[in-house]
Every structure is written in structure tokens, then in C-alpha cells.
């Protein structure tokens, strides 16, 4: 199975807080690195945790609150100073390009690599990236400014050839690609051999959903249905639900309810308010609703 | 004597490097805090070193290379989130205001405090700040983009009254303010008592100069003549003098030569290239020319 993991680089909301940097998550799919959000200090976090960050070719920015993207210009500059050659793709709100380009202009910097900005719509789920193995979909969230979440999903795997069965039924190798795609086999005598006889289940494709920042809303679980791992903001505890609603953030319980409704495998809580020195109570609040909950700990890698 | 000190918050050039954050220095004059430059991560550095950063009312940005100001927008945002009320003054190149305001606009942020941007000219020394006790002057440096240094100078102190002498010559209290300003006293019989008989030397006003980034140029020492403490960039050692010239940076020896020519009290080397893991050789290079040299160490406070 290919590596599919998420490393937490920052889990603090709004303000940096001792031991908790601003929001950023690193997705590793089989050695390809994808960055979700890039709060101030993210490049330092990647140096600290020995991330080979020049391998990041795609950066996804959820929204333009500073705690989610003020570290982007620094990372873009560092790539330049380190002589990056590979093109970089940045996905996010429309104004992001203007902000980055203005700052490059201010320093008279002509980048030694190219950046392509992809504007992410925030009114409906939309596929924004695809390679041979995974698809990234953005989906709307409900926050004070336009915000999206991101779903990283493996493509369905080809079915696995059952060599014993293909030998028995004398299926030629040339037909294997079709078998992998699920086709039945029709032999020389016109007999149909079911695909399920000739192949085995390749396993369920995995998916990771990143949901920050948002208040709870009914459509959200549908966007990330059945994901194996989800990161969800939990800025507050439920005793501050009124404040959470006002600020269009979630409580720990909200996050857990999304996990239940989405039928998620595991929930990672993140984006903690600096008012919480210890996070045990946030964890307990979520675990009462959704037991497979963990805290997003900086520097820790969560494997799907 | 009033406190007058400089705390190093970052001493790395261009890229953050383990244990060395991007450029920032904090000047404390009798409890009033002034920030010089604000590289990415500066607010985290201030939290780490327990700086009461809400007391900073004046921020000086030398130039618009990212390692000197990418942390400013994060600090401006944090002030907002913490409910700052005091006006903030920011001094720097003209485009700085556009960059900060664009990012505030992107997050629909209407600050709860006011910022006044002061455009700093880079073609001649100019006084940019003054209060009852100190004066800040900017002066041009020679770098790839418009850049200025900053000189923080105490105003001349009033002369100290010699109470024994004023009693002897029966100088009335009402004349003390004039004595403090250096006036001679003329008594009832028309005799002139020299000011130096009635007062004592209040000591030399102190000054701190911040010089980053710049290549060596002849006029520089004149701008900071006689400063007690100077921070000067030393991006490279002298064996890389050619690269230093090309990039319009200084070597450790350049910095020391400026200190000699400026007749400075002490020199702090900073803005080190990430190529130098250990800084001992940079220190030695400068000390051979100017013995009163120290390395700018993060979190360390240097008192004038």
C-alpha cells in the first residue's frame, strides 16, 4: 500500500501559542508532498521536522485569514533562494495571487521557478487536482469569509489478478488490463467467467479531509462521506458554543458530530484557541460523541 | 540612567536557520519599545522571550526584502486580535502600506486600532521620530533595493545642578531650568558665575545604530559617528568578499571597518548566512580589526 499520511505542522487558531504554531498540514502521498494552509512560521516548522519541502509542488490555501496563509510568501521566497526549478501550483482564493505577486514586486524579485495560481471556487465541491493516483476536491465551508475544505482521495485501485484462477481459466495476459478494470472474461467456448472469480478485492481507496475553518452546517458531512481520516477545526469547547457560532467556528463537539454524520474513520482535532493551555477537555468532549478522536499534535504524522 | 538596550530577536539572513530567526531587533528605551525589522516569526520570538510587545508603538522597516518584514502582517493581526487600542506607527518604504492594507482587505479586517505609515526617504539622513528623550534618524544604505539604517540617539541631557555651588552663590531655584540648559548666572552684584561652576557634566548621550542590509560605502561611518553600540550585518566572511559585493552585502571585516571608522563603542554582528553553522570565525575576523565585537545572539539583550 502506498504511503498516505498527514503531518501536523501547526494547530493553533488565530494566534501562535507556546508549542502550537499556526495552521498547516502536510499530506504525503507516496512521496509526493502537498501542503494545506501555510500560517506564519510554517517553513520553520518544516525545517524543524526535517520535511523535504522542496518536494512540495501543490499548496492549498483554505481562506485568507492570516493564520492560514501569512507563511506562504516566506516559503515562496525560500524556494526561490534555494534555486527551485519545479513549477509550483497554488490553489486558493482569487486575491492570493495579487498578495504574493505584490510582495515579490516590492523586493524586485523575479522568481527562478514558475507559480501557477488556481482560483478555488467556494460555492460547490469541485475537483481541483488529479494525478494518476489521487484526486483533490475542494468543498465549501461556512466561515466569515469565503473558505473551502479539501478532500484528498485515492482513485479506485485496479482489481488484483488471481493468478491461480487466470491460469485455470486460461485467461491470456493481454486481457489482464481489462480484468483489473473489472471486466468479466469470455472464453473460447463463449463461457462467461465472472471478474470476481479471476480477481480479488484491491481494498477500499483511502481519503483524508481537511476542514478548517467552519461552523457546523448540514451539508458538510456529505462532502467528506466515508473519509478515513478527517482534520476538523475545534477552536472552542461546547461551553463557548455561542461564541463559536458568532465567529463561525466549531466546537470540539461540532467536529465530532461531523465525524459521526460523515461516517469518518478517525477524527483529528485542530485549530485550538490560545485560551486552552491544555487540550484534554476538548479531546474528551469529542470522544464522548466520536471515540476515534485524537488531538492534532505538531510534528506528529498520522498514517491512513 | 534610563534603560537603553537592544534585544536580538533574529539574526539570520534570507533563510531561517536552526536557532537563528529572521532579522528583528527590539530597542527598549526606558520601557518604550521600538521594533527594527520584523522577519517571519518575529511575533513568536517575542512570545518566546516574553517581550511585552503590545508596548511597541513604533516599528521601523529597513527595506522590503522578505527576511526583514514578512512577519509584520502577522504582528499587525495579532495586535488586532488582542484588542490593541494604541495607535501604531510604521516607518519604511512606500509600498509597505499597500502590502499591509491589501492583506487586511483580503481578510475583511477592519483594525480595532489605527496604523499610520510614514514613508522613509532613502537618499539622505532624515529625522523620522522624536519624543522627549530620543531621536530616531534614518540614513541611506547601499543595497540591491532602497534600504535605510536607523540611528536611535538620546537627546543631550540637561546639566546636573551642583547644589553646594548654587547655595554658595545664592542662585535662586527659579534659575535652575536655565542652568540645566547651560546658562551662566549673573548675581545681584553683576558678577558672572560660569555654568560649569554651578553644574556638573550630565554624561554623554548614548546612541544605537542598526545597519542591515548594506555593502560597505564611504559615507556610512559618518552617519553613525560615535555611536555606543552598532548592529551591522555580516552576511559573509572575507573569503566571500566578491559574492558579498555582488549581492551588496557586507563581510564581517566590512562591518568591523565601519565600526573603526565610525569610532563606535561596540559592534554587534548579525544577519548571518545560513552557510555558517558556527559563527566563531566571523567573530574572529571582525575582532582582529575591531576588538569590541560580539555576535548578535538571539534572545540576548545588549545594554548601552
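The values are calculated or read from the model by the stated rules, or taken from the named source; none is laboratory data. Remember, it's a predicted structure, so these values are computed and weren't measured experimentally. Every residue, glycine among them, receives a Cβ derived from its backbone with ideal geometry; neighbour counts consider all protein chains shown.
Against the test of being crowded, with 22+ Cβ neighbours inside 10 Å, within 17 Å of the chain's Cα centre (by Cα) and farther than 23 Å from residue B:252 by Cα, the options B:22, B:9, B:35 yield a single qualifying residue, B:35. Under 24 Å from residue B:44 (Cα atoms) and either outside the structural domain of residue B:223 (by TED's automatic domain parsing) or touching a residue at least 60 places away in the same chain (Cβ under 8 Å) (or both), is that true of residue B:150? It is true that residue B:150 is under 24 Å from residue B:44 (Cα atoms) and either outside the structural domain of residue B:223 (by TED's automatic domain parsing) or touching a residue at least 60 places away in the same chain (Cβ under 8 Å) (or both).
Would you confirm whether or not segment A:38-48 contains a residue that is more than 12 Å from every other protein chain (Cβ to nearest Cβ) and over 17 Å from the mean Cα position of the chain (by Cα)? So far as segment A:38-48 goes, no, none of its residues is more than 12 Å from every other protein chain (Cβ to nearest Cβ) and over 17 Å from the mean Cα position of the chain (by Cα).
Pairs linking a residue in segment B:164-178 that is under 10 Å from residue B:198 (Cα atoms) to a residue that is loosely packed, with under 10 Cβ neighbours inside 10 Å, with Cβ atoms under 9 Å and 6 or more positions apart or on different chains, are B:166/B:172; B:166/B:173; B:169/B:191. Using the structure shown, decide if residue B:75 is more than 10 Å from chain A (Cβ to nearest Cβ) and either in contact with a strand residue (DSSP E or B) (Cβ under 8 Å, 6 or more places away or on another chain) or modelled with pLDDT of 95 or more (or both). When the stated conditions are applied, residue B:75 does not pass them. Only a single criterion out of (1) under 24 Å from residue B:26 (Cβ atoms); (2) out of contact with any helix residue (DSSP H, G or I) (no Cβ under 6 Å at 6 or more places or on another chain) is not satisfied by residue B:202, namely (1).
Pull up segment B:250-295, narrow it to residues that are in contact (Cβ under 8 Å) with a residue 60 or more places away in the chain and closer than 22 Å to residue B:144 by Cβ, then point me to the one that is surrounded by the fewest Cβ atoms within 10 Å (Cβ to Cβ). Selected residue: B:274.
From the list A:33, A:64, A:22, the lone residue that is farther than 16 Å from residue B:44 by Cβ, within 12 Å of chain B (Cβ to nearest Cβ) and touching a helix residue (DSSP H, G or I) at 6+ places or on another chain (Cβ under 6 Å) is A:64.
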